[in-house]
Amino acid sequence: MAQDEAEAVRWYRLAAEQGYAEAQNNLGMLYANGEGIPEDDVEAVRLYRLAAEQGDAEAQQVLGVMYTAGRVVARDPGEAARWVRRAAEQGDAAAQLALGGMYFAGRGVAQDAVEAVRWYRLAAEQGLAEAQVALGGMYFAGRGVLQDEAEGVRWWRLAAEQGHLPAQTGL
């Protein structure tokens, strides 16, 4: 297994050095997790940034999470929102859910329940159970949408059918 990881690192590094965004992102993950190479969070961030600047949605989402948590980089909600938005606009469901949460809480963006619903809906329509629960909750509470218990139940049911435990117990 170690040989396979070392070989993967070698090939990813070659492709990353040629500017291939997916390889930069994947090599960043290997550095972040210490797989096949010693863990190096600073190098991981550098590689994620290279990939993100080329439009790699996964790297953009990861950078957003890192700026949200202050992991390796300084905590910066505005920078987190910028990267998460870029990934969300490309259709990344996890980023759409995260951006919805940012709008809901007003983290890095102005608090806006209507925008939260918009991003939750985009992720929920892709089948992301957590987004379905969040969107259902917005309908139950009447936040950003007219209160509609039946619509809330519909979204929670979709999440429950995927095995989402809080949705199952909430119904």
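The values are calculated or read from the model by the stated rules, or taken from the named source; none is laboratory data. In this text the structure is predicted, and so the values were computed from the model without any measurement. All Cβ positions, glycine included, derive from the backbone under ideal geometry; neighbour counts span all protein chains shown. With ligands, DNA and RNA removed, areas are computed over all heavy atoms of the protein, side chains included. Shrake-Rupley method; radii C 1.70, N 1.55, O 1.52, S 1.80 Å.
Quick notes on this one:
- Building the convex hull from the alpha-carbon atoms of the stretch 87-171 and averaging its projection over directions returns 4.9 nm².
- About the Cα centre, charge dipole magnitude for the chain (Lys/Arg +1, Asp/Glu -1 at Cβ), debye: 580
- The Cβ shell under 15 Å around residue 70 holds other residues with a net charge of 0, Lys and Arg each +1, Asp and Glu each -1.
- Cα pair distances in the chain, grouped into 5 Å bins until the bin that holds the longest one, percent each: 2, 10, 15, 16, 15, 13, 12, 9, 6, 3, 1, 0
- Summing Cβ point charges (Lys, Arg +1; Asp, Glu -1) relative to the Cα centre of the stretch 81-138 gives a dipole of roughly 160 debye.
- With protein chains left intact and a 1.4 Å probe, residues in the stretch 61-135 average 42 Å² of accessible area per residue.
- Taking a sphere under 12 Å around the Cβ of residue 90 and counting the other residues whose Cβ falls inside, with K and R at +1 and D and E at -1, yields a net charge of -2.
- Between the helical axis of 93-105 and the longest alpha-carbon principal axis of the chain there is an angle of about 60 degrees.
- The chain, helix-only ellipticity at 222 nm - DSSP H runs n ≥ 4, -39,500 (n - 2.57), divided by all residues, nearest 500: -23000 deg cm²/dmol
- Helix axis angle, 129-141 relative to the chain longest principal axis, alpha carbon, degrees: 30
- Separation between Cα centres of the stretch 142-161 and the stretch 20-37, rounded to whole Å: 39
- Here the label points at residue 168 and residue 7, each 7 Å from Cα along the C-beta direction, are separated by 4.0 nm in the simple model.
- Value of Rg/Rh across the stretch 12-70 [Cα atoms, Kirkwood radius]: 0.95
- Dipole magnitude (debye, nearest 20) for the stretch 105-168, charges at Cβ of Lys, Arg, Asp, Glu: 100
- Rounded percent of accessible protein surface that carbon and sulfur make up, the stretch 24-171, 1.4 Å probe: 51
- The stretch 33-62 residues near the modelled residue 14 label - backbone nitrogen below 19 Å, point 7 Å along Cα→Cβ: 36-37
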